[in-house]
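Since every read-out is calculated from the coordinates, none of them should be taken as a lab result. In this text, all values refer to a predicted model and were calculated from it rather than measured experimentally. Quick reminder, even Gly has a Cβ in these numbers, built from the backbone with ideal geometry, and neighbours come from all protein chains shown.
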Amino acid sequence: MLKVILPDGKMLEFNKRVRPMDVAAEIGAGLAKATIAARVDGELTGADTLLPENGEVRLEIITKKSPEALDIMRHSAAHLMARAVMRLFPGVQLAFGPTVENGFYYDFALEHSLSEADFPKIEAEMAKLVKEDEAYERLELPREEALKVLKDMGQTLKVEHLTETLADQETVSFYQQGEFMDLCRGPHVPSAKAIGAFKLMSVAGAYWKADANNQQLQRLYGTAFFDKKELDAYLTQLEEAKKRDHRVLGKQLELFAIDQRVGSGLILWLPKGATIRRQLETFLYEELMRRGYQMVYSPVVGRVGLYMTSGHYPYYADSQFPPIEVDKDDLYLLRPMNCPHHVTMYMQRPHSYRELPLRLAEFGNVYRFEQSGELSGLTRVRGFTQDDAHIFCTEDQVKDEFRNCLEMTQHVLGILGFTDYRVRLSFRDPDSDKYVGDAATWDKAEAALEAVCRELELPNLTIAKGEAAFYGPKADFVVSDCIGREWQLGTVQLDYNLPSENRFDLTYIGPDNLPHRPVMIHRAPFGSFERFIGILIEHFAGAFPLWLAPEQARVLVVSQKYEDYGREIEQKLREAGLRVTGDYRSEKIGAKIREAQLQLIPYMFIIGQREEEERNVSVRDRIAGDLGSMTLEAAIAKMQLEIKEKTIRRREEAEK
RNA sequence: GCUGCUGUAGCUCAGUCGGUAGAGCACAUCCUUGGUAAGGAUGAGGUCAUGGGUUCGAUUCCCAUUGGCAGCUCCA
């Protein structure tokens, strides 16, 4: 006899073998209908997985409303899609078909190259399958038998997976719908009708087992929701998000350009984008000064020997611009990083422990020859400016310095209103030989880093094994762009490598009058100005807070008769340190306002007969609209306060 | 770099089943001089990404190259 305990404490008893869906049916027909899967003693299982014959289980029925349900349904939709593709394109090889953040995909090996033109056909086939409402049946097969099944179906990729990766499994599970069968852990919905509204999204290439040396497969992406309304809402949201795309806004607002005459991945900062960048540079500069950094300048090239010593050269041979030979055996490299230059500065004379920590900062331009397929707007480029600094400190100071760096990053992101970032602790993979230095040092460094991150309660802390730089562990601040891609912005990295005897052999003289080895920290709160501003444009949807806005105010005259007074106001605003322009064209005031609104200019000064007579100004706020008339002095004071406080005002917030 | 899609005016895009192209916005000139999101007229702008092939003829069809986009791989 089996006792089933439900979350509300209710207990049911069964004398025969039952499945979660039978239990649901026992409780009520409505629940049975809504059942997607179940949780048995905390383990996620399918609704049709047989429960034990005897004993006691805690059972939770997962309905459409549960957070896991969508994921399970999408996975079933992936199977549905795979089955439709198999029906339409015989001979297709199945690879894997997991769910992803907003949907699912399935990888196929297939002669015919899929394109969007195939989508309607596949979707129609899927709809037909939903209508047929076949059950998703789970089968457990012994390994040998499973192998035979897969071989008979001609699924060689899955055979390979079962032989190589799942070699130690005694039994494996399959899911079957009609003639379709696939190796899968599950769980799945009980039957196809549980799959709601779905849509195929895109097709792309992907490598078998994520290895570029392997065969390339076709990856079909789709998404599914429980109803059409949710799907439509998602699609609308995607469209909306695309309007925030920094590449679109960068063009519309004339912030930056990329031009083939200069080269791919090389950013031309137009006046408005340059203004934003300069504001951010000034902002960071003030933070650096407050925190005891010293600014330096260094050239963007260096002799190849420098990078040989640093150890960067062999590691990054593929991703740097080729060296320039100025003379026989005298090669210069466009620098892919600033560290060797800063290290060389440190080496100019002996240092006392009293000078440490020594913090050298530079907004340093670096160049990396990224693969063409990697380039993307401002977020992945070939020439960029790191808001870099290198800290030379004693072993004992590492933890405090680390904390300071993380705090600074947290602080600057906070000022800009970033709350939705995550922090990724990148540690080494102990099994890899990619990393330099001894295991004990790594362990110690990783432990210190993690402790500081926990102390600071950094949001969404995750640990990524194998993601560390080759020279030390790091903490990265990661954010998403408008289409959900994650980008690393700020970073704080520990380095035991560059100071070491086989690299630059850095020392400082300790209180014992003996040389000691300093530790280096590399850190960049923004990461790079290019990527950061790219994300920032999307973060604000181009509507920058006043202190960052390239054009803070525009003077609009009601008629050209008031141009003289308008120019007087414009000049006074400029003298007050504001970034201002004037619109004196013979357009109607409505048209001028519309243009200024579309350019997302925070303040408009409307000048007409009334203002001229009363010697005041009429102010229009981009978000709030007409603020009425006031003296010019009052308007300037209001703006200056807003700039000083770095106020963030957003339309969506203002509307609440 | 790989797979797929894609490249027409400054921008967003139509179009040519092969006979060298069009709209809206932007721009210029003129009219208009206005009160909180688009006043009107006229005009200028294109080797239809580049190179080759097929053809009497290619922007259109084919091939290659190159840029862009999405994904993959990579990422100091």
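Multiply the residue gap between residue A:102 and residue A:229 by 0.36 nm, knock off their C-alpha separation, and tell me the result in nm, one decimal place.
Values: separation 127, 0.36 × 127 = 45.72 nm, distance 1.54 nm.
Using 0.36 nm per residue and subtracting the Cα-Cα distance, I get 44.2 nm.
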| task | Find the relative contact order for region A:284-424 and round it to a whole percent, using C-alpha pairs within less than 8 Å whose residues are 6+ positions apart. | result | 23 percent
| residue A:457 versus residue A:160: modelled label distance in nm, points set 7 Å from Cα along the beta carbon direction | 4.9 nm
| Quick one: Cα centre-to-centre distance for region A:69-93 and region A:316-382, in angstrom? | 48 Å
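Using 0.36 nm per residue of separation minus the Cα-Cα distance, give me the extension gain between residue A:630 and residue A:304 in nm, one decimal.
On the way: separation 326, 0.36 × 326 = 117.36 nm, distance 6.24 nm.
Length gained between residue A:630 and residue A:304: 111.1 nm.
Quick check: net charge around residue A:336, other residues with Cβ under 13 Å of its Cβ, Lys/Arg +1 and Asp/Glu -1? Let's see the in-between values first.
Details: positive: A:335, A:368, A:382; negative: A:318, A:370, A:388.
Charge balance near residue A:336 sits at 0.
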| message | List the lysines whose Cα sits under 18 Å from the Cα of residue A:209, skipping any in the same chain fewer than 8 residues away. | response | A:158
| said: Per-residue counts of other Cβ atoms within 10 Å, averaged by peptide: what ranking do you get for A:519-531, A:271-283, highest first? | reply: A:519-531, A:271-283
| For residue A:50, what is the net charge nearby, where nearby means another residue's Cβ is under 11 Å from its Cβ and Lys, Arg count +1, Asp, Glu -1? | 0
| query | Normalised by the number of residues in chain A, what is the relative contact order in percent for Cα pairs under 8 Å and 6+ residues apart? | reply | 9 percent
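Just order A:213-225, A:316-328 by mean Cβ neighbour count inside 10 Å, highest at the front, would you?
A:213-225, A:316-328
With the Cα gyration tensor of chain A giving a ≥ b ≥ c as the square roots of its eigenvalues, does the rule (a/c under 1.5 for rounded; else a/b larger than b/c for prolate; else oblate) give rounded, prolate or oblate? Spell out each step's value before the answer.
On the way: a/c = 2.05, a/b = 1.35, b/c = 1.52.
Cα axes put chain A in the oblate bin.
Within 10 Å, count the other beta carbons around each residue, average over each peptide in A:251-257, A:49-55, and list them highest first. It would help to have the intermediate numbers written out before the result.
Details: A:251-257: 18.0, A:49-55: 13.9.
Top of the packing list down: A:251-257, A:49-55.
So if we plug the beta-carbon distance of residue A:650 and residue A:480 into 1/(1 + (r/R0)^6) with R0 = 22 Å, what FRET efficiency do we get, rounded to 0.05? Let's see the in-between values first.
Details: r = 18 Å, r/R0 = 0.81.
Once rounded, the FRET efficiency stands at 0.80.
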| Acute angle (nearest 10 degrees) that the helix A:271-290 long axis makes with the longest principal axis of chain A, alpha-carbon atoms | 90 degrees
| Set of lysines with alpha-carbon distance to residue A:64 below 30 Å, sequence-local pairs under 8 removed | A:3, A:10, A:16, A:33, A:121, A:128, A:131, A:193, A:199, A:228, A:229, A:242
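Mind running the shape call on region A:317-446? Use the C-alpha gyration tensor, a ≥ b ≥ c as the square roots of the eigenvalues: rounded below 1.5 for a/c, prolate if a/b tops b/c, oblate otherwise.
On the way: a/c = 1.44, a/b = 1.16, b/c = 1.24.
Cα axes put region A:317-446 in the rounded bin.
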| field | Estimated distance in nm for a label pair at residue A:372 and residue A:261, the labels positioned 7 Å out from Cα along Cα-to-Cβ | value | 2.2 nm
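Using a Förster radius of 56 Å, what is the FRET efficiency between residue A:31 and residue A:641 based on their Cβ-Cβ separation? Nearest 0.05, please. Intermediate values should be presented prior to the final figure.
Working: r = 59 Å, r/R0 = 1.05.
The value I calculate is 0.45.
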